[in-house]
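S.K.: Structure incoming, see below.
What follows is calculated from the coordinates using simple rules that are stated; it is not laboratory data. Keep in mind that what you see is a predicted model, and the values were worked out from it rather than measured. Every residue, glycine among them, receives a Cβ derived from its backbone with ideal geometry; neighbour counts consider all protein chains shown.
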Amino acid sequence: MTQPLTSEQVWTELKKELFAVLGMVNAKNEARTVGIVYIVHDRKIYISTRTAEWKTRHVQNNPHVSITVPIPKHVPFMPWIKIPQATITFSGKARVFDAKEVDHEILHALFQGHEADSNNLTGMSVFEIEAQGEFVTYGIGIPLMQMRFPEKARGRVPVG
C-alpha cells in the first residue's frame, strides 16, 4: 500500500519541473490555454511574459487561472513503451507585476542572469500565481506500475 500523498510531495514535484499549461478566460468568457515556463518560490508559481501579450490582458481582466503540470514517465531501459504522463492540476489566483517591481531572487531565476540589464526587463511582466484549494494529481507518489489503476493513481491534497 502506498503512503497518502502530501502537499509537500506535490510542491517538491512542482519544483522539479519547469513546463506547465496555464488556463485562463478571455474578455468574452472563452477558455484559453498556453504553455509556460515557470519557477516555484515560497509556494507560489512565477512566470514572465511580455506586458503586451494577450495572456497578460486576460489575467489582468480575470485573475482566476488553472495550472496543469505534465510530468513525463517512462520504463527504465524500455523507452519505446508508452506511459501516460503524471499530472498535477490546481486552481489559483494570479497577480501581474511589472518585472522591475519583482524581488531580485525571483527575477534571477526567471531570467537566468539576464535581468542585470534593465533593458531586458522593459516591457516585461511577471505573474505570481498563488495555488488555492486542492492539488488534483495523477500518478504522483505512486510506483509506475500502479498508474494502470486510476483509483490508485488519482490523488487530491490541500495545497497547504
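S.K.: So for Asp98, Asp42, fewest C-beta neighbours within 10 Å to most, what's the order? All intermediate terms of the calculation are to be shown ahead of the outcome.
M.R.: Values: Asp98 13, Asp42 10.
Placing the least packed residue first, the sequence is Asp42, Asp98.
S.K.: Considering Cα pairs under 8 angstrom that are at least six residues apart, work out the relative contact order of the chain and quote it in whole percent. Please list the in-between numbers first.
M.R.: Details: 307 pairs, mean separation 40.6, N = 160.
Normalised by residue count, the contact order of the chain is 25 percent.
S.K.: Have a look at Glu101, Glu128, Glu13 and tell me which one the Gaussian network model of the chain (Cα, springs below 10 Å) gives the largest fluctuation.
M.R.: Glu101
S.K.: So how strong a dipole does the chain carry about its Cα centre when Lys and Arg Cβ are +1 and Asp and Glu Cβ are -1, to the nearest 20 debye?
M.R.: 720 debye
S.K.: Find the centroid of the Cα atoms in the stretch 9-24 and in the stretch 75-91, then give the distance between the two in whole Å.
M.R.: Value for the Cα centre distance between the two parts: 14 Å.
S.K.: Which chymotrypsin sites (Phe, Trp or Tyr not before Pro) does the stretch 9-77 hold that lie in a coil by DSSP with at most 10 other beta carbons within 10 Å? Before the final figure, lay out the partial values.
M.R.: On the way: sites: Trp11, Phe19, Tyr38, Tyr46, Trp54, Phe77; in loops: Tyr38, Phe77.
Answer in residue order: Phe77.
S.K.: Could you pull the Cα extents of the stretch 76-130 along its three principal axes, largest to smallest, in whole Å?
M.R.: The Cα atoms of the stretch 76-130 stretch 47, 27, 18 Å along the principal axes, largest first.
S.K.: I've got another one for you. Order these by the 10 Å Cβ neighbour count, fewest first: Ser66, Ser48.
M.R.: Working: Ser66 18, Ser48 22.
Result, fewest neighbours first: Ser66, Ser48.
S.K.: Let me ask something additional. Taking +1 at the Cβ of each Lys and Arg and -1 at the Cβ of each Asp and Glu, which of Gly35, Pro150, His74 sits farthest along the dipole of the chain towards its positive end, judged by Cα position relative to the Cα centre?
M.R.: Pro150
S.K.: Please identify which residues in the stretch 57-72 have an amide N closer than 13 Å to a label point set 7 Å out from the Cα of Ala27, following the Cα→Cβ vector.
M.R.: 57-62
S.K.: Among Lys100, Lys55, Lys28, whose mean-square fluctuation peaks in a Gaussian network model of the chain (Cα, cutoff 10 Å)?
M.R.: Per the Cα network of the chain with a 10 Å cutoff, Lys28 tops the list.
S.K.: Within 10 Å of each residue's Cβ, count the other Cβ atoms and sort Ser91, Ser125 from fewest upward. Before the final figure, lay out each step's value.
M.R.: Numbers: Ser91 17, Ser125 22.
Arranged by neighbour count, lowest to highest, Ser91, Ser125 become Ser91, Ser125.
S.K.: Using the Cα centre of the stretch 58-126 as the reference point, and only Cβ charges (+1 on K/R, -1 on D/E), how large is the resulting charge dipole? Debye, rounded to the nearest 20. Kindly include the intermediate steps, with their values, before the conclusion.
M.R.: Working: 5 positive and 6 negative charges, 109 e Å.
Computed about the Cα centre, the dipole is about 520 debye.
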